[in-house]
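Report on the following structure.
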Amino acid sequence: MDVPIIRWLSDLRTVGAFLTILPFRPAVGAAEDGYERGNLSVAAWGFPIIGLLLGATGGLCYAFAIWLGCTVWLAAVLSLAVLVLLCGGIHEDGLGGANCDRRLAIMHDSQAGNFAILALLLLSAGRICALAALDAPERVFLALLVAASLSRAAVVVVMHILPPARSDGLSAGAGQPTLNITFAAILIAAAIALLTLGFVAALACMAAAAVAAALVAVTARRRLGGQTGDVLGAVQNITEFSCLFAAGLAFLWLLGGGYLF
C-alpha cells in the first residue's frame, strides 16, 4: 500500500543523498551515488526542505562562531565553509568557453578553466560579504534559511523549464520535474520565506531569486541549448547570493537607513 508519509520520507532521503554528503539512507533501488536515476525529478519537491536544513546548519555555525568571539567576517567564512562541505562542493566550470561545444567540453572536464575559478572566487567573496553585512546571528540564521530554500527551489524550476543539454551526465539522469512538482517546490520555498522573514523581506528575496535564476536560465539556453549539472550548481550559488543580498537590503530598509557594506 502506498502510504503518502512513507513516500514523502523516501523522496526526502533521495534528495538529501543527492544534495548533501550527509549519510541519508538511499531509497530501495538507488544507484551507488545515492539517488534513484530518473526518479530524482519526482522527489524534487523536497529540494527546498533539504535547503532549509542546510541553511539552519550554516546559520547555527555562524552563531556559534560569534559566541566563540570570532569577527563577523571569520564567522561568515566558517559558515560558508560548512555549507560547501555539507554539499560536497559546487563546481562552476560551465561558466567558461567561447562556444557551445567548448562550454560543454569544459563541463565534462574535471579541470576548471580560469574563468570558472575567477567566477567561483568572486561569488564566494560575495556570499561572505553578504553574510557579514547581515551582522547579527539571528538575521544571518533567518536569511540563510530562506536563501538556501529559495535557491534550491530555483534549481527545480530551471530543471523543469530547460531540457538537458547533453544526453548523458547528471542532469540527463535526474530527469525533468513535472509542473506539479515544480509548483510544490516553489510553494514550499515561498512559505518558508514568508513565515521566516515576513512579507516585505520575503518578497524581496523571492524577487531576487526569480531574477537571478531567470538570468542564468536564459544564458544557459542561449549558450548551451539547455541545462547541465554545472548550470544547476550556478543557479543555486547565484540565487543564494542574490537572496542574501536582498535580505540584507530588506533588513536595512526595515531598520531605517545606514549602509549595507
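Within region 197-216, being among the small types (Gly, Ala, Ser) and either over 13 Å from residue 146 (Cα atoms) or surrounded by 16 or more Cβ atoms within 10 Å (Cβ to Cβ) (or both) holds for 201, 202, 204, 208, 209, 210, 212, 213, 214. Selection of region 53-105 for residues being buried (at least 20 other Cβ atoms within 10 Å of the Cβ) and modelled with pLDDT under 70 yields 92, 93, 94, 95, 103, 104. Of everything in region 217-261, what is aromatic (Phe, Trp, Tyr) and either at pLDDT 90 or above or surrounded by 23 or more Cβ atoms within 10 Å (Cβ to Cβ) (or both)? Give them in sequence order. Within region 217-261, 241, 245 qualify. Annotation note: Cβ proximity below 9 Å between a residue of region 225-246 that is more than 19 Å from residue 189 (Cα to Cα) and free of Cβ contacts under 8 Å to residues at least 12 places away in the same chain and a residue that is surrounded by 24 or more Cβ atoms within 10 Å (Cβ to Cβ) and among the basic types (Lys, Arg) (sequence gap 6+ or interchain) occurs for no pair. Looking at the structure I just gave you, is residue 42 assigned to a loop (DSSP other than H, G, I, E, B), farther than 25 Å from residue 243 by Cβ and at pLDDT 85 or above? So residue 42 fits the description; yes.
Quick one: is residue 131 crowded, with 17+ Cβ neighbours inside 10 Å, modelled with pLDDT under 90 and assigned to a helix (DSSP H, G or I)? So residue 131 does not fit the description; no.
Starting from region 187-203, take each residue that is within 14 Å of residue 243 (Cα to Cα) and without any contact (Cβ under 8 Å) to a residue 60 or more places away in the chain and list its partners that are part of a helix (DSSP H, G or I) and among the β-branched types (Val, Ile, Thr), counting only C-beta distances under 6 angstrom and pairs at least six apart or across chains. Cβ pairs passing all conditions: 193/146; 196/146; 197/146.
The values are calculated or read from the model by the stated rules, or taken from the named source; none is laboratory data. Since we're looking at a predicted model, the values are computed, not measured. Cβ: placed from backbone, ideal geometry, glycine included. Neighbour counts: every protein chain shown.
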